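Right, one structure below, let's go through it.
The values are calculated or read from the model by the stated rules, or taken from the named source; none is laboratory data. Because the structure is a prediction, the values reported are computed rather than measured. Cβ sites come from the backbone with ideal geometry, for glycine too, and all protein chains shown count toward neighbours. The accessibility values were calculated without ligands, DNA or RNA, using every heavy atom of the protein model including side chains. Shrake-Rupley method; radii C 1.70, N 1.55, O 1.52, S 1.80 Å.
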Amino acid sequence: MFLEPFLLGGPLRIILIFVLLLILYRVVTRKVPAQTALNFLIPSLSLILSCVVVGGFFLILIGLFDLFVLLSVIYAIIILIFMNINFKKPLKGQLQKIYTRSILYTVIKIEKREQFINRDNWEKPTFKNDPKDLTSFHRNWQVLIGISLPIITYLSRASLFQFDTFTLSQAWFKKLSLVRDISLENWFFNPGEMMGDYFLIHLYAQITNISNAVALQSFGLLESSFLAIIIYWFVYKITRRHATGIFSGLSFALLYAFLPLSIDLLAEHKSVFSALIIALPAMLYSMYPQTFRFKYRTTGIFLIILFLAILFIDIFVGLLVLLPFLIIISIFRFWQNKQRVVLVLSSYFIAVAILCSFYIGVAWWFEESLLGFINANLFSFDAYTYNPKLILPLDDLVKVYLIIGVIFLAITIFKFQKRTKKYQTSLIFLIFINFLFTIHQFTATLVDIDILNVVLSVFIPIFFGLVLNIIFNLLSSIKVQGRRALNIEVGSGIVLVIALFLFTFPSEAKLSLDRHNMESHVFRIYSKIQGDHLPYSYAVINTPQNSSFSKDSHYFYSYDYFNNKYIARDRTFQRYKENKSYLLAHPNLFLPEALFVFVYKNEADNFSKNKISKLQQEGVKKRLNLLRAKGREINTYYDSEFFSVYQVINKAKSSNIQELLF
């Protein structure tokens, strides 16, 4: 399903947009950053997502959220970067200087008959290089991995769609309504949901010009694909080894037998994943300040934005994942760098205070229960963990991880005493991950185990990478260095993943363009109808659970309405359709310009899944035959093995966009 053009279009468009932004940044910036490849891409994207979420929240809060407004703000920021204005100096003199230089630049280019954007705009001086930054060899490795890993993850998730129970389920339609709530500027107090993730899905749909339904369906695989890159980069930054990062990224992409991830919910977007896309770089910043190239005076502001965005997306990650990690960091790093630890902690608590102040105020104004809302976000009653392909029962598997974690933690503590600087980061993250394993052993009265399982499905691959790094360090007595050592490490890591993949990956996986599932046909026909016709110029007759597709798009009629009332309404409209004054006085008599009627085929499982009866479908067919006998124009708009869609044209060339234009 996920390889079909209407679902691939969104991810491909968002990638092209981001590439365009990178090119635009390269043109407008004065200097090229010393960070390259993923060292530049991932922190930049995490910061952009954070600013978008926080900015979107405040725009919704003041009632000004609109795609045009948001793009205008981004455009203004780009102009300010290009103009390089110093707000400490008088603006008039700077603007006059910019105006004069722009005129001279234009005149010179015209006189010399040169292009306005050429090689000089692309080749810029570079900021002072960080001695720890990438060489060209390692940069090429990162580019290769950054391209291949998300593709592998996407194809892996897509191949297991036959296990999916989320698509077009009640939970799917509920999430679709939450995405649409963003356009209605409804952010607060949706039980069990922080709205930051749904804001990103809605914005993704608006920017790429796809429907909210298609955006919701493809966003889950998109966030998983990007998270795989971040896991690789995260482990690489800690271990300084490509092999460990590749092993971690591929483990998240392929080794479902080792992860507490519900295999039937792989298509579902997860707010935990979206929050960790921002949280992992933020956690890394607390260890390596050079991760983000913040200016000293703006560091606190950007940290608050990062933490606030995480809280807006998923409060479980913001409170129960970030806070314990920051406490562990403070214990180890406080005496080494008090100022930075205080800055990170104060930024985090300021972000929590901002979140609480808004929600306390809104809870008081609308008389909502704040504690009930927080409890609903920390304990999800809809989440569950189901993965029959695990190599061991889940509780036993986590116990094994805990035992392995304690063993390698002891080894790391021993190494830490001899080489503090080299092993400190690994020690901190091993303590934190072992803390998560330990929490998992307690009852669900402490934390929601199902949400914790989603968190662990990200940190277990990271755990694999850290353990593999310790093993490589223990084998460091083998005197192999340079690129040969890298090739051996990467090769051994990839061989290990492939071996585990071949023995544990579900044998039922199927990666093809096979369209023999009803969900693919439903998405395809709705995408076709909504893409080809003007909004609210037509109506759709379908099952009640599919009514969510109609919001902000078209009218929806139930089968009962069509069977019992539509014929009478059609008869009345035909009687008075030439009497314009009467129709204007009775606007309820107007019929949609077009009508799309879903008629399901005679299959028992098809009827039970859609909660419709064979008798009801027979009634629909009789009404269509009756309308055809009365001279209404009816044609077969779409036909599949599951259902047919018939188009009833009440007014020709009044709904289809192509017919209206040409």
Within region 344-370, can you find the residues that are aliphatic (A, V, I, L, M) and at pLDDT 80 or above?
-> Val344, Leu345, Ile350, Ala351, Val352, Ala353, Ile354, Leu355, Ile360, Val362, Ala363
So, of the residues in region 615-662 that are among the acidic types (Asp, Glu) and open to solvent by 70 Å² or more (accessible area, probe 1.4 Å), which turns out to be nearest to Asp532 (Cα to Cα)?
-> Glu659
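A quick yes/no check of all residues on (1) surrounded by 16 or more Cβ atoms within 10 Å (Cβ to Cβ); (2) outside the structural domain of Leu308 (by the TED database):
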site: Thr153; (1), (2): yes, yes
site: Ala171; (1), (2): no, no
site: Leu178; (1), (2): yes, no
site: Ser183; (1), (2): yes, no
site: Tyr204; (1), (2): yes, no
site: Ala213; (1), (2): yes, no
site: Gln217; (1), (2): yes, no
site: Leu221; (1), (2): yes, no
site: Ile238; (1), (2): yes, no
All positions within region 312-348 that are of a type outside the set (A, V, I, L, M, F, W, C) and more than 16 Å from Asn434 (Cα to Cα) = Asp314, Gly318, Ser330, Arg333, Gln336, Asn337, Lys338, Gln339, Arg340, Ser346, Ser347, Tyr348
Please verify whether region 285-301 includes one or more residues that are modelled with pLDDT of 90 or more and open to solvent by 10 Å² or more (accessible area, probe 1.4 Å).
-> no
With the first residue restricted to region 50-64 and required to be on the phi < 0 side of the Ramachandran plot, and the second required to be surrounded by 21 or more Cβ atoms within 10 Å (Cβ to Cβ) and assigned to a loop (DSSP other than H, G, I, E, B), Cβ contacts under 7 Å at 6 or more apart or on different chains are Gly56/Phe65; Phe57/Trp187; Leu59/Phe65; Ile60/Trp187
Would you mind stating whether Leu20 is modelled with pLDDT of 80 or more and under 30 Å from Trp233 (Cβ atoms)?
-> yes
So how many residues does region 234-282 have that are in contact with a helix residue (DSSP H, G or I) (Cβ under 8 Å, 6 or more places away or on another chain) and within 18 Å of Lys422 (Cα to Cα)?
-> 11
Given the structure, is Tyr536 outside any helix (DSSP H, G or I) and open to solvent by 60 Å² or more (accessible area, probe 1.4 Å)?
-> yes
Determine whether Asp560 is of a type in the set (Asp, Glu) and either in contact with a Gly (Cβ under 6 Å, 6 or more places away or on another chain) or modelled with pLDDT of 85 or more (or both).
-> yes
Go over the candidates Tyr105, Tyr99 one by one and state the one that is open to solvent by 80 Å² or more (accessible area, probe 1.4 Å), hydroxyl-bearing (Ser, Thr, Tyr) and modelled with pLDDT of 75 or more.
-> Tyr99
Could you give every pair whose Cβ atoms fall below 7 Å, whose first residue belongs to region 1-30 and is open to solvent by 20 Å² or more (accessible area, probe 1.4 Å), and whose second residue is of a type in the set (Phe, Trp, Tyr) and at pLDDT 70 or above, counting only separations of at least 6 or pairs across chains?
-> Phe6/Phe523; Ile14/Tyr204
Subset of region 620-660 (residues that are touching a helix residue (DSSP H, G or I) at 6+ places or on another chain (Cβ under 6 Å) and over 28 Å from Met518 (Cα atoms)) | Lys653
Is there a residue being without any contact (Cβ under 8 Å) to a residue 24 or more places away in the chain, surrounded by fewer than 17 Cβ atoms within 10 Å (Cβ to Cβ) and aromatic (Phe, Trp, Tyr) anywhere in region 348-355?
-> yes
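For (1) among the hydroxyl-bearing types (Ser, Thr, Tyr); (2) farther than 28 Å from Trp141 by Cα; (3) touching a residue at least 60 places away in the same chain (Cβ under 8 Å); (4) in a helix (DSSP H, G or I), each residue gets a yes or a no:
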site	(1), (2), (3), (4)
Phe226	no, no, yes, yes
Ile231	no, no, yes, yes
Ser248	yes, no, yes, yes
Ala267	no, yes, yes, no
Met283	no, no, no, yes
Leu303	no, yes, no, yes
Leu308	no, yes, yes, yes
Leu323	no, yes, no, yes
Provide a single number: the residues in region 515-533 that are of a type in the set (D, E, K, R) and either buried (at least 21 other Cβ atoms within 10 Å of the Cβ) or under 21 Å from Thr208 (Cα atoms) (or both).
-> 3
Starting from residues that are touching a residue at least 40 places away in the same chain (Cβ under 8 Å) and among the polar types (S, T, N, Q), keep the ones in region 547-573 and report whichever is nearest to Leu626 (Cα to Cα).
-> Asn563
Give region 373-420 a look and list any residue that's outside any helix (DSSP H, G or I), over 29 Å from the mean Cα position of the chain (by Cα) and modelled with pLDDT under 85, or say none.
-> Arg419
